[in-house]
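Trainee: Have a look at this one.
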Amino acid sequence: MSSTFGRLFRVTDFGESHGPAIGCVIDGCPPGMALSEADIQSDLDRRKPGTSRHVTQRREPDRVEILSGVYEGRTTGTPVALLIRNEDQRSRDYENLLDTFRPGHADYTYWRKYGLRDPRGGGRSSARLTAPLVAAGAVARKWLRERHGTTIRGHLQQLGDVEIPFESWDEVERNPFFAPSAGAVARLEQYMDDLRAAGDSCGARLRVCAQSVPVGLGAPLAAKLDADIAWAMMSINAVKGVEIGAGFASVAQRGSEHGDEMTPQGFLSNHAGGILGGISTGQDVEVSIALKPTSSIRIPRRSVDRNLEPTEVVTHGRHDPCVGIRATPIAEAMLALVLMDHALLHRAQNGDVALPVPPLPGSAVA
């Protein structure tokens, strides 16, 4: 049950990092939408490993296969099954972790909870399992774009202690960091080269923004849109913090500053991140997430074995020195899944709601 996400647009993912395949089943996808592997593959290509020297060198093509739920190029309304085969496992790299645990990793908690664990690449705790969610997110993104004109995009805000100024969305897809600044790329490359040479890792912060989000998504009290977004973002491997809108900066704001004033021409600011009372305002939905440093590093660390005897851990194999570099497509996908689920929930209960005045200018309509 813990591997299923969503209420009406339900995604169940399966597999392990070094198993034969990973994938997901999407239940609740509306019928009639044109869908092919090509619609999904482009997002998977943005997330896949081995795309630059700054990420894990595991070489996975991440080719997606649609096994069900599509007939003659259109969704049928039945479960859409997506499969991604693992083709470049090196399980021998994890032999030294059979009886011990990486500090900062889920090795220890999985063992304590289940009594056994798959040490090969972390098994279910591996970020490899985000690939099926990116695939499912691509399906959601297409439906949202076609139905509501919603677009979702993200970028890296900070890598370790290097802050990245925002210059243009156009720059994001031109470099392997998803950085919105061409001038920052050389510094980021040097930072990562030094980090890899040191055998260490770092964290990251990134932003994801959804535009043309219908007004009215979300519901009190247990289905707030921002609560579900935070839950989805925290389910991404290594995420330790989530902010909606101004986030923690709102602590230092006065009410006269934080409250987004309204005029007949629209909202004058967006400190709320496009959500009030757990319901979308029609403004851009703004989310930032913080990711911790990768726990698989070459620097010796103190740990214990399964008998709780002291030992030392050095992690071999191919790992991301910063998981945040490839996290932008994942965060975009998770936001898409939440918005898709809430769009269907809103249509089911409130599809007949009509007010005599339109929403504020700049707002999308459900």
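Trainee: Taking the condition touching a Pro at 6+ places or on another chain (Cβ under 7 Å), surrounded by fewer than 20 Cβ atoms within 10 Å (Cβ to Cβ) and either hydroxyl-bearing (S, T, Y) or within 30 Å of H105 (Cα to Cα) (or both), does S280 pass?
Mentor: So S280 does not fit the description; no.
Trainee: Then there's this: Please indicate, with yes or no, whether at least one residue in the range 164-171 is β-branched (V, I, T), part of a strand (DSSP E or B) and at pLDDT 95 or above.
Mentor: no
Trainee: Restricting attention to the range 30-44, and to residues there that are polar (S, T, N, Q) and assigned to a helix (DSSP H, G or I), which single residue is surrounded by the fewest Cβ atoms within 10 Å (Cβ to Cβ)?
Mentor: First, the residues of the range 30-44 that are polar (S, T, N, Q): 36, 41-42.
Filter again for assigned to a helix (DSSP H, G or I), leaving 41-42.
Working: Q41: 17, S42: 10.
Ranking the qualifying residues of the range 30-44, first place goes to S42.
Trainee: Taking R298 as the residue in question, decide whether it is touching a residue at least 60 places away in the same chain (Cβ under 8 Å) and in contact with a strand residue (DSSP E or B) (Cβ under 6 Å, 6 or more places away or on another chain).
Mentor: Considered against the rule, which asks whether it is touching a residue at least 60 places away in the same chain (Cβ under 8 Å) and in contact with a strand residue (DSSP E or B) (Cβ under 6 Å, 6 or more places away or on another chain), R298 comes out as no.
Trainee: Any idea which of (1) of a type outside the set (S, T, N, Q); (2) out of contact with any Leu (no Cβ under 8 Å at 6 or more places or on another chain); (3) crowded, with 17+ Cβ neighbours inside 10 Å; (4) not in a loop (DSSP other than H, G, I, E, B) is the one G216 doesn't satisfy?
Mentor: (4)
Trainee: For the range 279-321, give me each residue that is in a loop (DSSP other than H, G, I, E, B), under 22 Å from A333 (Cβ atoms) and either touching a helix residue (DSSP H, G or I) at 6+ places or on another chain (Cβ under 7 Å) or among the small types (G, A, S) (or both).
Mentor: Passing the criteria: T294, D320.
Trainee: Can you list residue pairs whose Cβ atoms sit under 7 Å apart, with the first residue in the range 301-326 being free of Cβ contacts under 8 Å to residues at least 12 places away in the same chain and the second being not in a loop (DSSP other than H, G, I, E, B)? Count only pairs 6 or more apart in sequence or on different chains.
Mentor: Close Cβ pairs (under 7 Å, with a partner that is not in a loop (DSSP other than H, G, I, E, B)) amount to P310/R302; P310/V304.
The values are calculated or read from the model by the stated rules, or taken from the named source; none is laboratory data. As the structure is a computational prediction, the values presented were derived from the model and not from experiment. Don't worry about glycine lacking a Cβ; one is built from the backbone with ideal geometry, like all the others, and counts go over all protein chains shown.
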